[in-house]
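Before any comments, here is the structure.
The values are calculated or read from the model by the stated rules, or taken from the named source; none is laboratory data. Nothing here was measured: the structure is a model prediction, and the numbers come from that model. No Cβ is skipped: glycine too gets one built from the backbone with ideal geometry, and neighbour counts run over all protein chains shown. Surface areas here come from the heavy atoms of the whole protein model, side chains and all, with no ligands, DNA or RNA. Shrake-Rupley method; radii C 1.70, N 1.55, O 1.52, S 1.80 Å.
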Amino acid sequence: MIARIYRGLPSSGKTTAAKNAVAAEAMVAADDFRDYTLPYDATRNAYAHESCFAKWLRLVRSQHEIIAVHNTFVTRDEMRRYIDAAKARGRTVEIIDLFDGGLTDSQLAERSSHDVPCDVIAQMRSRYEIV
């Protein structure tokens with residue numbers, strides 16, 4: 001059984017890649033738990049990530065042959081608990097790193113369905129850890 005972690009900058013193609021490879025009921029992202037009609041609030045962001053991880057824990061225990069999470073995961077530490085949970089359940093972990101999808105920061109910002117500004121993407125790029 002496989003656990004896939006799709007990572008990359010905003011609008012790099014993580015969601016599309018996951019949708020093309022995994023059944024909808026076998027994937028999760030923090031975006032699933034955000035209300036984009038409200039202004040950004042770090043408290044809601046933390047809630048989204050905790051809710052995403054809680055669903056991940058349910059997925060790693062499921063009978064789905066392949067499960068997936070698709071978040072930015074800029075650093076190794078952001079992925080660690082997802083990897084540990086999957087391995088604890090005997091799943092093979094695959095990391096699919098889309099990084100920037102071959103796009104510039106401004107192109108990623110233009111594509112962003114969540115209005116992530118170019119300067120935020122540039123900041124994420126500067127912290128991005130290649131694994």
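Distances between placed amide hydrogens fall under 5 Å for Arg4 paired with Ile67, Ala68, Val69, Glu94, all partners being 5 or more residues away or on another chain.
Only helices reaching 15 angstrom along their own axis (Cα) with mean Kyte-Doolittle hydropathy no lower than -0.5 count here, and for the DSSP H runs of the chain these are 42-60.
Note on exposure: His114, His70 ranked by accessible area (1.4 Å probe, complete protein assembly) read His114, His70, with the most exposed listed first. Only protein heavy atoms count here; under a 1.4 Å probe, Asp119 has an accessible surface of about 110 Å².
Computed with a 1.4 Å probe over protein heavy atoms only, the accessible area of Leu103 comes to about 40 Å². Per residue, the average separation of C-alpha pairs within less than 8 Å and at least 6 apart gives the stretch 28-77 a relative contact order of 48 percent. When nucleic acids and ligands are ignored and a 1.4 Å probe is applied, Glu129 ends up with an accessible area of around 60 Å². What the stretch 20-103 shows is 57 Å² of accessible area per residue, with the surface traced by a 1.4 Å probe over protein heavy atoms.
Rounded to the nearest Hz, the phi-derived 3J(HN,Hα) couplings of the stretch 27-34 under the Karplus curve 6.51 cos²θ - 1.76 cosθ + 1.60 (θ = phi - 60°) are 9, 8, 8, 4, 4, 5, 10, 9, where x marks glycine and proline.
Tell me the relative contact order for the stretch 1-97 as a rounded percent, counting alpha carbon contacts under 8 Å between residues six or more apart. Relative CO of the stretch 1-97 lands at 51 percent.
With each pseudo-label sitting 7 Å past Cα toward Cβ, what's the Asp35-Arg61 distance in nm, one decimal? If labels sit at Asp35 and Arg61, their model points lie 2.8 nm apart. With loop membership from DSSP and a limit of 13 other Cβ atoms within 10 Å, the longest segment of the chain without chymotrypsin sites (Phe, Trp or Tyr not before Pro) is 41-131. Solvent-accessible area of the chain (1.4 angstrom probe, protein heavy atoms only): carbon and sulfur portion equals 52 percent.
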